[in-house]
Amino acid sequence: MTTKPALVVFGTAGHAIVHLRHARAMHDRGDIVLAGACDIREPSEEARRLLPESAVFALDPADLLSRVSPEIAIVATPPHTHLPLSRVALDAGCHLLLEKPPVLDLAAFDELAGLLADRGRACQTGFQSFGSAAIPVVRDAMVRGEIGAVQGIAAAGAWIRTDRYFARNPWAGRRRVGGHAVADGPLTNQFAHAVATALLLNETAGALPESTTVELYRARDIESDDTSCVRMTFAGAPQVVVAATLDAEADQDPYLLVHGSRGQIRWHYKTDLVVINGVRVAVGPPEDLLANLVRHLREDVPLLAPLSATRAFTALMDVVGKAPEPKAVPVEWVRSVGTGPDRRVLIPGIDRTVDTAAEALALFSELALPWAG
C-alpha cells in the first residue's frame, strides 16, 4: 500500500476519544486520513473538533461505511459490541484496531479469527504494552539466563476507583448488560494489560492454558469483581499468576515480576521501569500500535499485538464470564472513605496483599487472609 490509509473510529466517548486524538495527530502529520467516526450518541464538542472538515459522522456504522471507504476501522466501543462491529467493518473490507478486551469468550475469538482469515484482513488489538521496548529487553534477559531458570511470571495491580468511575458508563462494574456478557473487572479490564503481557512474556499468549483458577471478590455492591486473582498453567511453560484490586489504600504502579531460580526481573509496564536482579536497565521508547498497523499494511512488518497473541487472555475472559458470582468481602474488612461521587471503598492491607501474591506466586486463598477462601 503506497497511499495514506483512510481510517474511521467506532466510538467517540470514553476511551474512544483517546483514539480520536491520536488519529487526528496522525492525520495532521500526513500518516493517515481520518475519514470519519460513528457513535450511537451525538459527539461531544471535543470529538467534533477532532474530526477534519471532510470527515463524516454518523449514528450508525453501516451508514458511515456507506459514505466512506476506509482501510482501517478502530473499534473502541463497549466490550460486548466488539464482535458485531468487527463483523460490520470486515464486511466493508476494513482492517481492524480492536480495543481490549478484543472479544469476551473463545467462541467469539474463533469466529473473529475465521472472519479475518476469510477476508484476508489484519487485526491489531489494543494492548499498548505489547509495543513496549521493554519486551525484548526482558525476554533477552530471560533467554540468557540472567535470573536462572524461569519459575513463574506474576503481575500485581492496585488502584483506587471511586463511585464516579463506576457510574461513568452502563457496563462499569457489571457482568452482563442487556443479556450480553461484559465481565468487567480488574483482571479483564483495568489490569488486562498486566495479564496479557505476562502471557506474552511467558510465550503462551497464543496458547490455551491447561488450567485457569480464578478467585473473584467484591468489596463494593456491584455485579462484577473489584478484587481478584488468577493462576494459569500451561504445558511445558511456567505458571502465570496475577493479583489485582480496585479497592486499594493508595494507587500503586502496576508491575510484572519474572521469578527465576537465581533472581528476578521487575517491569513496571506503564512507566517502562525495568529492574533485573536489582539493577535498573535502560529501555527505549515504545512503538505505537496504530503506526505499527499502518506499517504492517504498507511494509508488511509484523503486528505487535495481533489477535492471535490474545488467545490465552481470551481463555481467561471465558472463565471469568462463566464463573460464579463474585464473593462479597465481609463488611468488617471493608472501609468507605469520602462522600458523593468521589467516595471510594478500600480493603485494609490489600496493597501489600497484592504484592505478596505476586512475590509468592500465590492466590489470595493460599495466603490465609481472613476475608478470602
Checklist entry - If the Cβ limit is 6 Å and pairs must be 6+ apart or interchain, which residue in region 189-218 that is within 12 Å of Ala237 (Cα to Cα) pairs with which residue that is at pLDDT 95 or above and part of a loop (DSSP other than H, G, I, E, B)? => result Leu199/Ala205; Glu210/Ala235
Next on the checklist: Here is a check on your reading of the model: is Leu199 open to solvent by less than 10 Å² (accessible area, probe 1.4 Å), under 16 Å from Leu104 (Cα atoms) and in a helix (DSSP H, G or I)?
Outcome noted: no
Item to check | Cβ pairs under 6 Å, 6+ apart, first in region 154-176 and surrounded by fewer than 24 Cβ atoms within 10 Å (Cβ to Cβ), second in a strand (DSSP E or B) and at pLDDT 95 or above | outcome: Ile160/Arg344; Thr162/Arg344
Item to check | Residues (small (Gly, Ala, Ser) and over 24 Å from the mean Cα position of the chain (by Cα)) located in region 47-90 | outcome: Ser54, Ala55, Ala58, Ala62, Ser66, Ser69
Next on the checklist: Can you list residue pairs whose Cβ atoms sit under 9 Å apart, with the first residue in region 221-245 being surrounded by fewer than 24 Cβ atoms within 10 Å (Cβ to Cβ) and the second being modelled with pLDDT under 95 and assigned to a strand (DSSP E or B)? Count only pairs 6 or more apart in sequence or on different chains.
Outcome noted: Glu223/Arg176
Checklist entry - Could you give every pair whose Cβ atoms fall below 8 Å, whose first residue belongs to region 336-351 and is closer than 16 Å to Asp221 by Cβ, and whose second residue is open to solvent by 50 Å² or more (accessible area, probe 1.4 Å) and among the β-branched types (Val, Ile, Thr), counting only separations of at least 6 or pairs across chains? => result Arg343/Val337; Arg344/Val337; Val345/Val337; Leu346/Val337
Next on the checklist: Can you say whether Thr339 is hydroxyl-bearing (Ser, Thr, Tyr), more than 15 Å from Thr227 (Cβ to Cβ) and at pLDDT 95 or above, as far as the supplied structure shows?
Outcome noted: yes
Checklist entry - With respect to the numbered conditions (1) open to solvent by less than 30 Å² (accessible area, probe 1.4 Å); (2) modelled with pLDDT of 95 or more; (3) under 28 Å from Leu246 (Cα atoms), which one is the sole condition not fulfilled by Val182? => result (2)
Item to check | Considering residues of region 292-307 that are touching a residue at least 60 places away in the same chain (Cβ under 8 Å) and out of contact with any helix residue (DSSP H, G or I) (no Cβ under 7 Å at 6 or more places or on another chain) only, the residue surrounded by the most Cβ atoms within 10 Å (Cβ to Cβ) | outcome: Leu293
Checklist outcome for this item: Residues of region 161-196 being small (Gly, Ala, Ser) and part of a loop (DSSP other than H, G, I, E, B), in sequence order, are Ala167, Ala172, Gly173, Gly178, Gly179, Ala183, Gly185
Checklist entry - Can you tell me which residue in region 308-344 is farthest from Val241 (Cα to Cα), limited to those that are small (Gly, Ala, Ser) and open to solvent by 70 Å² or more (accessible area, probe 1.4 Å)? => result Ser336
Item to check | Every residue from region 98-112 that is farther than 18 Å from Thr188 by Cα and within 18 Å of the chain's Cα centre (by Cα) | outcome: Leu112
Item to check | Test: Leu257 is free of Cβ contacts under 8 Å to residues at least 24 places away in the same chain, more than 24 Å from Pro102 (Cβ to Cβ) and surrounded by 15 or more Cβ atoms within 10 Å (Cβ to Cβ) | outcome: no
Item to check | Residues that are polar (S, T, N, Q) and buried (at least 18 other Cβ atoms within 10 Å of the Cβ), drawn from region 1-22 | outcome: Thr12
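The values are calculated or read from the model by the stated rules, or taken from the named source; none is laboratory data. Quick caveat, the model's predicted, so the values are computed rather than measured. Reconstructed Cβ throughout: ideal geometry from the backbone, glycine too, with neighbour counts over all protein chains shown. Surface areas here come from the heavy atoms of the whole protein model, side chains and all, with no ligands, DNA or RNA. Shrake-Rupley method; radii C 1.70, N 1.55, O 1.52, S 1.80 Å.
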